[in-house]
1. Which is facing chain A (nearest Cβ under 9 Å), of a type in the set (Ser, Thr, Tyr) and either out of contact with any strand residue (DSSP E or B) (no Cβ under 7 Å at 6 or more places or on another chain) or on the phi < 0 side of the Ramachandran plot (or both), of B:SER171, B:SER160?
2. Using the structure shown, decide if B:LEU210 is surrounded by 23 or more Cβ atoms within 10 Å (Cβ to Cβ) and either acidic (Asp, Glu) or assigned to a helix (DSSP H, G or I) (or both).
3. Looking only at the stretch B:189-200, count every residue that is under 18 Å from the mean Cα position of the chain (by Cα), in a helix (DSSP H, G or I) and at the interface with chain A (Cβ under 7 Å from one of its Cβ atoms) and tell me the total.
4. Take A:GLY94 and tell me if it is at pLDDT 95 or above and on the phi > 0 side of the Ramachandran plot.
5. Here are some residues: A:VAL121, A:VAL106. Which one is touching a Gly at 6+ places or on another chain (Cβ under 6 Å), under 21 Å from A:ASP80 (Cβ atoms) and not hydroxyl-bearing (Ser, Thr, Tyr)?
6. Suppose we filter the stretch B:44-89 for residues that are of a type in the set (Phe, Trp, Tyr) and over 20 Å from the mean Cα position of the chain (by Cα); how many remain?
7. Of all residues in the stretch A:24-35 being crowded, with 17+ Cβ neighbours inside 10 Å and modelled with pLDDT under 95, which is farthest from A:GLY119 (Cα to Cα)?
8. Looking at A:VAL282, A:VAL263, A:VAL270, can you tell me which residue is assigned to a helix (DSSP H, G or I) and within 22 Å of the chain's Cα centre (by Cα)?
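The values are calculated or read from the model by the stated rules, or taken from the named source; none is laboratory data. Note that the structure is predicted; figures quoted are calculated from it, not measured. Cβ placement follows ideal geometry from the backbone for every residue including glycine, while neighbour counts extend to all protein chains displayed.
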There are 2 protein chains.
Amino acid sequence: MKKEIEQVIKEIRDRQSFFITAHVNPEADAMGSSLALAWSLRQIGKKAQVVSHDPLPKFLSFLPHKDILTQMPRIASPPDALFVLDCGDIERTGFFDGASRPSFPVINIDHHITNKQFGTVNWVDPGAAATAELIYDLDRDLGIDLTPEIAICLYTALLSETGFFAYSNTSPKVFKIAAELIERGVDPWAVAQKVRENSIGRLHLLGELLLGLQQTEDGKIAWVAVTQDHFKRTGTTAEDLEEFVGYPRSLKGVEVALLFREVDTETTKVSFRSRDRVDVAVLAQLFGGGGHQKAAGCTIKSGLKEVQTRVIQAVKKVLLPS
Amino acid sequence: MKKEIEQVIKEIRDRQSFFITAHVNPEADAMGSSLALAWSLRQIGKKAQVVSHDPLPKFLSFLPHKDILTQMPRIASPPDALFVLDCGDIERTGFFDGASRPSFPVINIDHHITNKQFGTVNWVDPGAAATAELIYDLDRDLGIDLTPEIAICLYTALLSETGFFAYSNTSPKVFKIAAELIERGVDPWAVAQKVRENSIGRLHLLGELLLGLQQTEDGKIAWVAVTQDHFKRTGTTAEDLEEFVGYPRSLKGVEVALLFREVDTETTKVSFRSRDRVDVAVLAQLFGGGGHQKAAGCTIKSGLKEVQTRVIQAVKKVLLPS
C-alpha cells in the first residue's frame, strides 16, 4: 500500500482545494471518514468541503460537521480534486452517472474488495477494517495532529464498521487505533450512547418483531417479518430496522437469520445473515440479489407470505447435509 | 501498585498449590479472571484449581474450564494459599462467613473501590477496568505466555466488563490489551456471538417488555416492568433479564432508566441506570438499596404497581430543577 498512499499524499501536496464525498445513504464509516479527512486537510491549510448527496443521518448528528458538510457545493468553481471515500463505484456518490463524469482528478480511497478502481489515483485496501483506518494511516503519514474533531469521527467510524468491535474485521490494528483515539480525548461511553440511541417507536417496533420471531424446528433458520402495518402502528420507517436482523442471528444454534420486509403488497425485501459457515451471498443471488458471505440481501416481486415460504425453503435446501 | 503486585508474585513463587475463587453468581470478569489465573499458574508448574460456589453460567460455557473448575474442591488437603478475585468481601465467595475464616493465606485481587482489604495480601486497583486487567499485568510480570486458553478468558472478561468496549472504564489500556489478545489468536466475532447468544424465550420476553416500554412526558424517565406471568409465558427466569435495562436507557433524552421486576405479589426489585449526570446510587439508597453512580438497585416489599408509582415519583423529584 506504500505506493498508493504516497500518490494520495502527492495529490494533497500539489493541490489546494478539495471536495470529499462518499456514497448515498451514508453510514458511520462514510461520514466519519469524510469529516475526519476534511478536518485533516483544513489543518494543513487546504480548502476542504464534504459534499454528500444525502443528509447526515440523525444518529450521527453529534459528529462535528458544522460549516464543513453540505449537500450541494456552495462554491461555484470546481475543486482541484475530488476525494471519493468508501465507495465501490463513482455512480454510488449520487453525483455522477455513466454520462456525467467529473472534470477534475478523482482520489479513490476504499476498503471494499469490489471497488472498481475508478479514480485518477486509487488506494483500495480490502485488508483495512474500515475506510476510517485508511484515513488514520493517511493522517499519520501527513503528520496530522489527531484533534478531538478528527478523533471522534475516526472512532465513530471504526466502532460502527466493526459492529462495536465484534465483527471479524476487528483486528489488533483496530484496537490499537481505538486506544490512541481514546488517549486523544474520545469518550467511548458518550459515543456508544449516541450511536445506539433509540426512539420509543423503534423499540416498540423491535418489540413487535421479537414477539413474531420464529425458528425452524432444528433451530438452524430464524426470522422476523415486518409489515407496513408495523411501521404505521409504531410511527417508524425502514431506516429504524438497522441491526434488527442481529436478533434472530443471536439465537443459539442458528446458521442463517432472515429479516423480511414488506415494501408493498407485491414487493418484499429480504436481509440474509450468516452466523458462521453458510455463504448467504449465494442465497441472495438465487433471488437476484447479492452481498457478502455473512450479510446479503435481495428484493423479490411477491407478497410477504409467499416470499417467506420460498426463501425459507431455499435456505433449508442449502442447509441439507450434502 | 508496584509493591502489591510484587507481594502477589512473592506468594506465588513461595508456594505450590492454590485454590482460586471469585464471587457467587459469577459473571464474565469473575470467571474469566479465575480461569486465566489458573491456566497461568499451571503453566509455571503450580497446582491450581478454580473453586466456584455457583456453576459456570451457561453463556460462559465456551471458556476453557475442563479439569480446572469445580464447585467443590476435590482435594481433601487445603491449598497453600487461596486467591479471591473480583470480590469485595470474603463472604461473597459463598464459602466463608463471619464465623468461618480460611486457615490459609488469602491473596485478594480486585478492582472494586469498595473492597474490604480482607486478604493476607491485598492488591486492589480501582483504576483497572476489570479484575482481568490485573491478571493480565500479573501474567506479564510473571513472564507467562498468553496461550489461547488464557487469552480467550481475559478477552471475554474485558469485553463483558466494559459492556463491549462501551462503558466509561474503556481505557486506552483496555484497547491495547484487547489488541494483544487478538494477536494471540482470540476470534472477536466468535466470542461476541457466544457472549450475546440468546434463547428464543429470552427474545420473546424482550419483545413483551419492549411493547410495555414507557417514558414520562418530558422523556427523562423510561421504564420496563416484568411480571411472573412474563416469565411463565416465555419460559424464562430473572437471569434472562441481563442487560435489558439498557433498552430504556438507550432512548433519546432519557436521564434515568428503570427495570421493575415482580418477585412475588409483595416484593419488587428495581434496577436503576443513569445515562449521564444523575447519581442513581442515591436513588436506590432512598429505598434501602445501593450501587454505583450509573447502576444501582433495591428490593421493595410492595407489589409491582405500587412500587412503580413510588419509585417514578422519587426519580421525578430528583430530576426537578433545583
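1. None of the others qualify; the one that does is B:SER171.
2. yes
3. 1
4. For A:GLY94, the condition - at pLDDT 95 or above and on the phi > 0 side of the Ramachandran plot - is not met.
5. Of A:VAL121, A:VAL106, the one residue that is touching a Gly at 6+ places or on another chain (Cβ under 6 Å), under 21 Å from A:ASP80 (Cβ atoms) and not hydroxyl-bearing (Ser, Thr, Tyr) is A:VAL106.
6. 0
7. Among them, the one singled out is A:GLU27.
8. After ruling out the rest, the residue left standing is A:VAL282.
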